[in-house]
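Scroll down for the structure; my scribbles are underneath it.
The values are calculated or read from the model by the stated rules, or taken from the named source; none is laboratory data. Because the structure is a prediction, the values reported are computed rather than measured. Don't worry about glycine lacking a Cβ; one is built from the backbone with ideal geometry, like all the others, and counts go over all protein chains shown.
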Amino acid sequence: MNETPVLSLSQVSKAFGAVRAVREVSLELFPGEVHALAGENGAGKSTIVKILSGVHRPDSGRILLDGEPVEFGGPADAQRAGVAVIYQEPTLFPDLSVMENIFMGRQPRGRLGIDRRAMRAGAAELFGRLGVHLDPDQPARGLSIADQQLVEIAKALSRQARVLVMDEPTAALSGTEVARLFGVARTLRSQGCALLFISHRLEEIFELCQRVTTLRDGAYVAEDLIAGITPDDLVRRMVGRELEALFPKQETEAGEVALKVRRLTREGVFTDVSFEVRRGEIVALAGLVGAGRSEVARAVFGIDRWDAGSVEVAGRRLRPASPTAAMAAGLALVPEDRRQQGLVMDLSIERNIGLAGLADVRRGPLVSRAAERERARDWAVRLRLKFARLTDAVDVLSGGNQQKVVLAKWLARRPSVLIVDEPTRGIDVATKAEVHRLLSELAGSGVAVLMISSELPEVLGMADRVLVMHEGRLAAEIPRADATEESVMAAATGRSRG
Amino acid sequence: MAADLARTARRWEGLILVLLVGVSVWASLGVDGFANGSNVSFLLLDTTEIALMALTMTLVIVAAEIDLSVASTLGLSCAVLGGLWNAGLPIEAIMPICLLVGALCGAFNGLLVTRLGLPSLAVTIGTFALFRGLAYVMLGDQAVADLPPAYTSLATASIGPIPLASVLVAVLAVVAATLLHATGLGRSIVALGSNEEAAYFAGVRVKRIKFWLFVASGVMASLASLVYTFRYASARADNGVGLELAVVAAVLLGGVSIFGGRGTLPGVLMAVLLLGVVRNALILADVANEVLNFVTGLLLVASVLAPNLGAVWRRRTSPQVEGKSVS
Amino acid sequence: MTATVTRTEAGRRDGGRRLVDRVARVRELGIVVALGLLFGVTGAVNPSFLTYASLRDILLNSAIVAMLAVGQTLVVITRNVDLSVSSVVGLSAFGGALVLADHPGVPIPVVIAGCVVLGALCGAVNGLLVGAAKVPALVATLGTLYAFRGIDFAWAGGRQVNAADMPEGFLSLGARSVLGVPLLALVALVVLLVVGWMLGNLRAGRELYAIGSNPEAAVLAGIRVRRRIVAAFVANGALAGLAGVMWAARFGTVDATVATGKELDVVAAVVVGGVAIFGGSGTVYGAALGALLLTGITSALAVLRVDALAQTAINGALLLAAIVLDRVLALRVAAALRRRRFHDPAEPDDRAEPDDRANPADPAYRADPASGRTADGS
Amino acid sequence: GTTKSDVAQQSSASATAAASSAPAADPNAPLKQGLKIAFLPKQVNNPYFTIADNGGIEAAKEFGGEGKEVGPSDASASSQVSYINTLMQQKQDAIVISANDPNAVVPALKQAMAAGVKVVSYDSDTAPEGRDVFVNQASPEDLGRTEVQLLAEQIGHKGKIAVLSATPNATNQNTWIDFMKDELKKPEYKDMELVKVAYGNDDDQKSFTETQGLLRSYPDLAGIISPTTVGIAAAARYLSDSPSKGKVKLTGLGTPNQLRKFVKDGTIEAFELWNPADLGYLASYAAAALASGQITGAEGEKFKAGKLGEYTIGAKGEVLLGKPTVFNKDNIDKFDF
Ligand SMILES: Nc1ncnc2c1ncn2[C@@H]1O[C@H](COP(=O)(O)OP(=O)(O)OP(=O)(O)O)[C@@H](O)[C@H]1O
Ligand SMILES: Nc1ncnc2c1ncn2[C@@H]1O[C@H](COP(=O)(O)OP(=O)(O)OP(=O)(O)O)[C@@H](O)[C@H]1O
Ligand SMILES: [Mg+2]
Ligand SMILES: [Mg+2]
């Protein structure tokens, strides 16, 4: 290819104090091409994205726009240069309507200020292209992570940029939305847009991209044409070694019923949901985004009040709307939104891990710092957390490593019923395998696991049984043997009753 | 971001300490009448009520709430004390009743904040007027001054230059600091102040903790009212008008983030002392009152500005540390 | 992974129902109801409360606080606060009065403009401290609250400017009416409408909401956050400056203590008016209504022959009642909307509704008394 | 336990003990030179106190002393106490104070007196054990009664009247109002009725609203007495622009400068006040006389107060400045304060 790249990085480095997040990385984005950026958690992908978007200024190296060196003083400069970015973590204005979120700072203007009608039409058109049904007038507050992600995508598309950078846009999406997104991305590509795509789902990279750059520990490893490599090659480049099988779920004997949910209803959200999870079992809760899976999990754990039905743990009814009661009964919930619900971003890694188990690290009335640290260190090592010090705020961790901290926080409590909502969102392949091994091990030791996941391979690989939700109701229960992509998707989309 | 904050906080307390020592040394050398026992004793005594209320205010603000009604609670408690004393009750029976009144005031705030989910700023602006008004209803325009000398002299008594009331403050400060910095409850308070939702998801009893924090704030305000009444030997409905801003100012100067989740009690106590020392020294030096207020304001702004400007300046000069350092 | 199915059709509209929803969701509903109750009850007890002269007085009384509340809203929306307004009002009132008294030759419009500029300068100091130097607004403006008042005291040095010292033409501004509406109220109304329109319909206005709603995202969206915050403080300062001259014209007697302690009234008006104290939502109309409600309460108590000693308490109780009423109404409306949507799945989903009980995990919990009504402030 | 009655017994016992140990006065002692006299008003930068204290500082210059004004910017008792303590540290010879709370300042003042500082209260008295002498601007009885008389003349001894006071706790105002009520009991006022005491809290806006409230709730109101300078100015300002101007009479305490416009435009017929500068002047001399040993504060002692002539200490250590001046259209231009 002898075209000049629209945007390229040449030998850029970026350090945060002692952490060298990016080391002399070069990257070229060509028009009409989707370029993938691959690497483990903390490899420096998001840092590259933030350099491209003007959030971070590189310590050394150059950014070239159409072959000319440029300096981005801030996000506004990058936007003016035609770079649109979807950040790893949603950046919405919760108080504003969805359409204003999309067009903030670029609202269509009429004679009397902002033209709301045009703005609404614009948003509706974007949602149409993405095939989502969001009300443009709805406030962004309370949108599920997936919907937030979709709004972010719409926002980036609305910029009609020359370069579109997408940092794990699909992490919270299920197959349907991903397919739509890819459709849109291909159209943009054919129109001459340059795209940068980041994902920990390797099959997505192979489906969409033409070229892939791999990073390891902040350093450039290789640039390959997708056509020329296999997924195994890519993993080897990322991890630097061979990986064992991805989904090592061991067969275990299901024990007695640990979690029993009966006719649970929360008006306007989900209706008449009944299921049970036995000790030693991993039950997956599948469905399309917005089917109400997370809502069920929240209600079971006592975050939300339910209107009817009951929840029993080990045969004892749970007091509604009390997370403390749920925790006392042995329940744990790894929530889907790690920044809002999972972590206190300003607190250190050890404090976050300790937060759910303060009773375990007590000496008399006081907290034993040593015990707290010991516990945090133990789990950090087990989950292969990449960190500088345990006293660092979780804020500085990469997205995937933050997710590991949430997991550590709940696993450290040794729950008897573990509910995990999108447990591997944003986690790299190697660690994902690690998390799966862990879940499987937990199940093996008699823990009942309820896993919500939008990633079908994960569901199929891990679950002993698959429950499928559709529009707030349980649509099907599929045993492992019958669970296939087709059967699950059919139930999830309401085409068949399983 | 957060690492930076943590470092600022550490630096902040350092800054306040340096200021405190600096001003004290300057005043001892340069201001007549500053460095003698009776003045020091008086200076300490004069910060008692603010220090007491600042202890619980710190906890409340770290939990990302605020209690602007403390001074009114103090007033109401004073009025109750005066009214019951006039009615002939023994003072030993009145004092627990006053503390109870404070607890009720706090519980009222707490209920409105936690049960209805109202912002505490709005609620306590309302109760700020309500409690003060109840004080007027209770005691009207009377001033009760014939309080038992045993207690009034106790309130001003001191061991050497250390007033008894300051001993009370010190004891409670140790309790509060231990609570905030070394117990699980303290961890929970910090966590919920920083991210309430995540704390709730982690099983922190957010509402219950907040409720009790408001109750504690009320009780502390009425404890302060006892000190106040006996110290001035005067129970009136308008006792302590305007103290709430002084308390909030001291807490903020002490490095507590108004957005919650960050702040230490040693910092706050040093800030209370710093404000007391500065006021005392400047008044002794015959500095006009308007300058005094100006200096108070400046101190507040400068204490935050200085570290910030430092950071901005360093960023300008060396882009290498533009981001946040982990080391 | 390739199945393409859509969720239930959600975006359908139903004109009539939407209108009802819209009304029910109007952010200021609670406070309008509270105002209605206040005027209704007081008027029933003492009809003279509803006479033209009385209403005119109430409008006049609330004009200054309303204008300050409008300015404060600009700042609060950006997740900041300006406690120094009362000191700015004092400074501007005294400065204006002093010039009028000592230099009778200076034309009145020049004096007014001067006061506005003085206020804007004070606002700029606050704005730079908060926007550029990143001092938390509460700390910065608590500091300047003391500092500006100190300057005022030093300037006045115990002097008082009296009505006799100021030109009649100036004083009459404080009392004159145009078409039966007091001039000061008219000024406040114009300010209200202009600022309200700007917040709702200008990009700059919407950006203020964005900044308050999520400051970090605002930076990423390319909004010039610092500039906007400084602008909000400057505008608020300018309005406080204007309020200062209005004060001088209205009360005639001016010394260095003018408007001491009024910052809490202003913040109370803003909060009662439903502006979220943590930024991002609320309207100037609400804030102005809040100011009207607060002054209305004081006026009503004065008219109702309420025992003077009980007034403060009743004032506080009514203030609380207004906030609680607003909150309860909001919860009811939200719950009703949720129930109805449940029975009619074609209605678009609004997940911002508060739960029946306050719940910390509920997005609306942390926000203002009634978030979860309209998304944008207009 | 400790109850009110035990305390009453104790304190009466200690009062008699203190009274017996007063040192004797030497009426012929010369005024000492270089006396340091500090004025502690309720609030600094309050124009009324600024005038009064300047009068006092003027007097100090006359007798070769050194006067200064210090004090809080908020009218609160607790901040006054801080100042008393620092004045004691500074070893002032005398403190001249207008108390925000007659009782709260007493412990601090007693401490100061024990350290040899003389204390004179002016404008607003402290409890008697907290000072040596109280310089009273006008007898409260006189003030209360003359205000009623002033208003009665203006409204022809007939109609409803109201009082617009400062805060409900203002000691001065409350004493005056009590005497007003007492005066109104006399037969010549049988057609007058005091319908309400409103409180403007010495805040412009509140005083305005209260005035409006009075006119609204008593449409047939004949007159208002406002014994506070902030209140009367606000009420005058409101009335001058309202249809009630001249119909509802207004009187009370105010400074001529403040009210000149309203007297000229007919809103106010007459009001009264003592000369604040003279008040400070007299208090300054009283302090000097105390510090020089001329007087001790006992009844019947006499001292000279410069241009104001000789004064005698009355009962309870009170010195009376004299009768207040009544200001009206004819004489107001002769005054500038
Ligand atoms: N603001 C910051 N301060 C300090 N360290 C940081 C900061 N941002 C990132 N880092 C560190 O830089 C490294 C790279 O982080 P980055 O977010 O780029 O990883 P990533 O490749 O996007 O990982 P993931 O797949 O988990 O999202 C990590 O070690 C992280 O801890
Ligand atoms: N058909 C639908 N149309 C509109 N809203 C729906 C529909 N089905 C469910 N919802 C709403 O979607 C929300 C469920 O979101 P939730 O985040 O729980 O979904 P989920 O299945 O967990 O998806 P994910 O976790 O992948 O985001 C509920 O508030 C529900 O009211
Ligand atoms: Mg990342
Ligand atoms: Mg979900």
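Miscellaneous remarks
- Flag for residue A:54 being at the interface with another protein chain (Cβ under 8 Å from one of its Cβ atoms) and under 20 Å from residue C:210 (Cα atoms): no
- Of the residues making up region D:11-41, just one is within 13 Å of chain B (Cβ to nearest Cβ), surrounded by fewer than 21 Cβ atoms within 10 Å (Cβ to Cβ) and modelled with pLDDT of 65 or more, namely D:36.
- Of all the numbered requirements in (1) crowded, with 24+ Cβ neighbours inside 10 Å; (2) closer than 19 Å to residue D:211 by Cα; (3) more than 8 Å from every other protein chain (Cβ to nearest Cβ), residue C:250 misses one, and that requirement is (3).
- Only one of the numbered conditions (1) buried (at least 24 other Cβ atoms within 10 Å of the Cβ); (2) closer than 29 Å to residue C:169 by Cα is not met by residue C:109, and that is (1).
Here is a yes/no grid of residues against (1) crowded, with 19+ Cβ neighbours inside 10 Å; (2) closer than 19 Å to residue A:290 by Cα; (3) within 16 Å of ligand 1 (Cβ to nearest atom):
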| site | (1), (2), (3) |
| --- | --- |
| A:396 | yes, no, yes |
| A:417 | yes, no, no |
| A:424 | yes, yes, yes |
| A:436 | yes, no, no |
| A:472 | yes, yes, no |
| A:489 | yes, yes, no |
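- Odd one out for residue D:125, checked against (1) modelled with pLDDT of 95 or more; (2) part of a loop (DSSP other than H, G, I, E, B): (1)
- In region D:206-246, of all residues being within 7 Å of chain C (Cβ to nearest Cβ) and of a type in the set (S, T, N, Q), the one that is surrounded by the fewest Cβ atoms within 10 Å (Cβ to Cβ) corresponds to D:217.
- Residue tally, condition within 29 Å of residue C:266 (Cβ to Cβ) and in a strand (DSSP E or B), over region D:198-222: 2
- Residue A:27 meets the conditions (1) within 16 Å of ligand 1 (Cβ to nearest atom); (2) within 14 Å of chain B (Cβ to nearest Cβ); (3) crowded, with 20+ Cβ neighbours inside 10 Å; (4) not hydroxyl-bearing (Ser, Thr, Tyr) in every case but one. The failed one is (2).
- Answer from A:130, A:134, A:143 - the residue that is touching a Leu at 6+ places or on another chain (Cβ under 8 Å), more than 10 Å from chain C (Cβ to nearest Cβ) and within 26 Å of residue A:336 (Cα to Cα): A:130
- Selection within region C:199-223: residues that are of a type outside the set (A, V, I, L, M, F, W, C), touching a residue at least 12 places away in the same chain (Cβ under 8 Å) and out of contact with any Pro (no Cβ under 8 Å at 6 or more places or on another chain). The member of this set that is nearest to the other protein chains (Cβ to nearest Cβ) is C:201.
- Members of region C:272-320 found to be among the β-branched types (Val, Ile, Thr) and either touching a residue at least 60 places away in the same chain (Cβ under 8 Å) or touching a Phe, Trp or Tyr at 6+ places or on another chain (Cβ under 7 Å) (or both), listed by number: C:272, C:275, C:277, C:283, C:284, C:295, C:297, C:298, C:303, C:312
- Residue that is farthest from the other protein chains (Cβ to nearest Cβ), among those in region D:42-65 that are of a type in the set (D, E, K, R) and in contact with a helix residue (DSSP H, G or I) (Cβ under 6 Å, 6 or more places away or on another chain): D:62
- Selection status of residue A:287, buried (at least 18 other Cβ atoms within 10 Å of the Cβ) and away from ligand 3 (no atom under 16 Å from the Cβ): yes
- Condition check for residue A:333: more than 9 Å from every other protein chain (Cβ to nearest Cβ) and either within 16 Å of ligand 3 (Cβ to nearest atom) or more than 26 Å from residue B:263 (Cβ to Cβ) (or both): no
- Residue match in region D:167-186 (condition: more than 26 Å from residue D:136 (Cβ to Cβ) and surrounded by fewer than 22 Cβ atoms within 10 Å (Cβ to Cβ)): no
- Each residue in region B:38-68 was checked for being under 14 Å from the mean Cα position of the chain (by Cα), among the hydroxyl-bearing types (Ser, Thr, Tyr) and part of a helix (DSSP H, G or I), and 3 of them qualify.
- Matching residues, region B:130-148, being facing chain C (nearest Cβ under 7 Å) and crowded, with 24+ Cβ neighbours inside 10 Å: B:130, B:132, B:133, B:134, B:136
- Looking only at region B:271-298, residues that are surrounded by fewer than 23 Cβ atoms within 10 Å (Cβ to Cβ), more than 11 Å from chain C (Cβ to nearest Cβ) and touching a Gly at 6+ places or on another chain (Cβ under 7 Å) come to 1 in all.
- Residue check for residue A:84: more than 16 Å from ligand 4 (Cβ to nearest atom), under 25 Å from residue C:212 (Cα atoms) and part of a strand (DSSP E or B): yes
- Flag for residue A:74 being away from ligand 2 (no atom under 16 Å from the Cβ), surrounded by fewer than 20 Cβ atoms within 10 Å (Cβ to Cβ) and of a type outside the set (Asp, Glu): yes
- Pair list, Cβ < 8 Å and 6+ apart or interchain, from region A:391-402 residues that are over 18 Å from residue A:373 (Cα atoms) to residues that are among the polar types (S, T, N, Q) and within 9 Å of ligand 3 (Cβ to nearest atom): A:398/A:41; A:398/A:46; A:399/A:41; A:399/A:46; A:399/A:88; A:400/A:41
- Screening residue A:43 with (1) in a loop (DSSP other than H, G, I, E, B); (2) more than 8 Å from ligand 1 (Cβ to nearest atom) gives one miss only, at (2).
- Residues in region A:291-330 that are buried (at least 22 other Cβ atoms within 10 Å of the Cβ), within 16 Å of ligand 4 (Cβ to nearest atom) and assigned to a loop (DSSP other than H, G, I, E, B) were compared, and the one that is farthest from the other protein chains (Cβ to nearest Cβ) is A:292.
Yes/no matrix, rows are residues, columns are (1) within 16 Å of ligand 4 (Cβ to nearest atom); (2) away from every other protein chain (no Cβ under 14 Å):
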| site | (1), (2) |
| --- | --- |
| A:404 | no, yes |
| A:413 | no, no |
| A:420 | yes, no |
| A:423 | yes, yes |
| A:457 | no, no |
| A:460 | no, no |
| A:467 | yes, yes |
| A:470 | yes, no |
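- Some residue of region A:353-367 being within 16 Å of ligand 1 (Cβ to nearest atom), at positive phi, without any contact (Cβ under 8 Å) to a residue 60 or more places away in the chain and surrounded by fewer than 20 Cβ atoms within 10 Å (Cβ to Cβ): no
- Options A:49, A:34, A:55, A:19: the member that is within 16 Å of ligand 3 (Cβ to nearest atom) and modelled with pLDDT of 95 or more: A:49
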